[in-house]
Amino acid sequence: MIAQKPDFEFWFVTGSQDLYGPATLEQVAKDSQAIVEGLNKAKALPYNLVWKPTVLTAEGISATLEAATAEKKCAGVITWMHTFSPAKMWVRGLLVLKKPLLQFHTQFNRDIPWSTIDMDFMNLNQSAHGDREYGHITARLGLKRSIVAGHWQDKDTQKRLGAWARVAAAVTEGRSARFVRFGDNMREVAVTDGDKVAAQIKLGWSVNSYGVGELVKRVNAVPAKAVDDLIAEYKKTYVIGKDILDNPKQLDRLKVQARLEIAIEAFLVEGRYLGFTTSFEDLYGLDQLPGLAAQRLMAKGYGFAGEGDWKTAALVRAVKLMGDGLPGATSFMEDYTYHMEDGKKMVLGSHMLEICPTIADGPVKVEIHPLGIGGKDDPARLVFSAATGEATNASLVEFGDRFRLIVNEVKSVKIPQAMPKLPVAQAMWVPYPDFTTGLEGWIWAGGAHHTAYSTAVDADMLQTYADQLGLEFVRIGKGTTVESIRQNLAVQELLAFKGNFR
Ligand code: MN
């Protein structure tokens, strides 16, 4: 399970009105309870769904949505209009709701009861028009919201509800999420820099720096026994050659990473931090850049990015939480170099050390090699190749107080030839819709070299994340062209001018 997993639940709120009389309202309550029970039983959401009594008046609606806003455990609200619920009643409540909102457009019965349908049935089962009245007011208010239409027992509908809940959990967690930076960002780099206050206003992330000395103090205090225990765990989990295990100098180098892992993890747990960054330019007093240590902490679910890139570190955590329990995995990633052979063009993704081993396919090997940058001792790292399949690369960039989430759908492919001299974890992918459009679209959009790479979370989920937070969203993928991407960017610029993303 992901480290520091939030203890969340979701609320299911059914709308109606009081002119229907007690018999109808009793049936409404029964039906919505059956839906909640059914969804919980099917484990449609990875969190518990909590039934709330039917809301009938502006006062009732407002009280329920205010309570949802105040309840720490509530990560989002699913609304459904079983009957007609005049939407002027919803204005006050929707304006105070500060949790992710999903309009679930469903109905209790799957089929029309052909032989028995009468006007009583019609008066009870009104979501086809009740949800439209309600949808009008959410559109009129310009609310950040998501919409899922479909029958509640349908597997695909349930899957979409689950995807929404995963995203909503990441949005809500972000509102009080804390991230730590050891040192500042890499000097002169634009895209990893930015306005942390704007990010806190927009996404809730609290990002603060500590001098690396704070870490050095803790690293030096790690007991030898704890290091030995962790080395024993490494031996069980990874392939470690005799060149390391039988060579005291190399084994000491591996112990340096174990000490770093223990010290950083303790720091994160004590401070309730959900992720961290390091900087190879700020390692004063440390023996190595955290390599294997950062990789293992990412595998536990912490967000991470190199070179002080706090936006990507926080995004990696968000995507890891969204993907927790889904097939696939998520890692910090960087587009490193290209293979440009005609007909076989692809991207080699890696980093100088820190790729998350959860994306590995096959054995994960511990290796120790010099690092040509940072001027420190040879760091131990985990080396592997990534699993193949459909994946996304997501980058969060900032334009003053606007944030843009750029997503490229990619196909992760088998690495065609061994690269025996490349001592880092590696992934290879072909961008959608094609190599050239993927690259050009990304650069038009201003996407970073750092990304959150995921085989668990797709572009639809990331679009929902952007929708719920009011981020600009650019998808580069199946069906897009350079023209459509540039058109989308122009629209986003206009919406930003209108103040839409503030
Ligand atoms: Mn980098």
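Quick rundown of the values:
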quantity	calculated
Fully extended contour minus Cα-Cα distance, from W114 to A190, at 0.36 nm per residue	21.0 nm
Sum of side-chain charges, S16 neighbourhood, beta-carbon under 13 Å (Lys, Arg +1; Asp, Glu -1)	-3
Nearest 10 degrees, 0 to 90: helix 459-469 Cα axis against the chain principal axis	70 degrees
Helix-only CD estimate at 222 nm, as mean residue ellipticity for the chain, using -39500 (n - 2.57) per DSSP H run (n ≥ 4)	-12500 deg cm²/dmol
Estimated FRET transfer efficiency when R0 is 60 angstrom, pair R132-K225 (beta carbons, to 0.05)	0.40
Within the chain, percent of DSSP bridges classed antiparallel, to nearest 5	45 percent
Kirkwood Rh in Å, taken over all unlike Cα pairs in segment 190-309	15.6 Å
Rounded FRET efficiency, nearest 0.05, which uses the C-beta distance separating A34 from Y336 and R0 of 56 Å	0.60
Förster-model FRET efficiency, 22 Å R0, K144 and V197, C-beta, rounded to 0.05	0.60
For segment 260-328, Kirkwood radius (reciprocal of mean inverse C-alpha pair distance, Å)	12.4 Å
Length-normalised contact order of the chain in % [C-alpha pairs under 8 Å, at least 6 apart]	13 percent
Isotropic mean projected area of the C-alpha convex hull, segment 46-123 (nm²)	6.4 nm²
Rg and Dmax [Cα atoms of segment 9-174; Å; Rg one decimal, Dmax integer]	15.0, 51
DSSP loop chymotrypsin sites (Phe, Trp or Tyr not before Pro) with at most 15 other Cβ within 10 Å: longest gap in the chain	285-502
Alpha carbon centroid spacing (whole Å) that separates segment 194-264 from segment 88-148	50 Å
Potential extension, K43-M1 segment - 0.36 nm per residue separation minus Cα distance	13.4 nm
Descending Cα extents along the principal axes, segment 361-475, whole Å	43, 32, 25
Three-way shape label, segment 90-144, alpha-carbon gyration tensor, a/c 1.5	prolate
Where only alpha carbons of the chain are counted, the Rg and the Dmax (Å)	25.0, 84
Equivalent ellipsoid semi-axes - Cα gyration tensor, segment 242-384, angstrom	24, 21, 15
Intensity falloff of segment 313-386 expressed as log10 I(q)/I(0), Debye formula with alpha-carbon point scatterers, at q = 0.17, 0.19, 0.23, 0.25 Å⁻¹	-0.84, -0.98, -1.15, -1.19
Pairs beyond 29 Å (Cα-Cα), from K73/K235; K155/K414; K30/K73	K73/K235; K155/K414
Proximal aspartates and glutamates relative to K88, as straight alpha-carbon distance under 12 Å, when same-chain residues fewer than 8 apart are discounted	E59, E133
Probe 1.4 Å, protein heavy atoms only - accessible area per residue of the chain in square angstrom	43 Å²
Local net charge near L45, Cβ-Cβ under 13 Å (Lys/Arg +1, Asp/Glu -1)	+2
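The values are calculated or read from the model by the stated rules, or taken from the named source; none is laboratory data. Just so it is clear, the model here is predicted, and its values are computed rather than measured. Counting neighbours? That spans all protein chains shown, and the Cβs are built from the backbone with ideal geometry, glycine included. Calculation scope for accessible area: heavy atoms of the full protein, side chains included, ligands and nucleic acids excluded. Shrake-Rupley method; radii C 1.70, N 1.55, O 1.52, S 1.80 Å.
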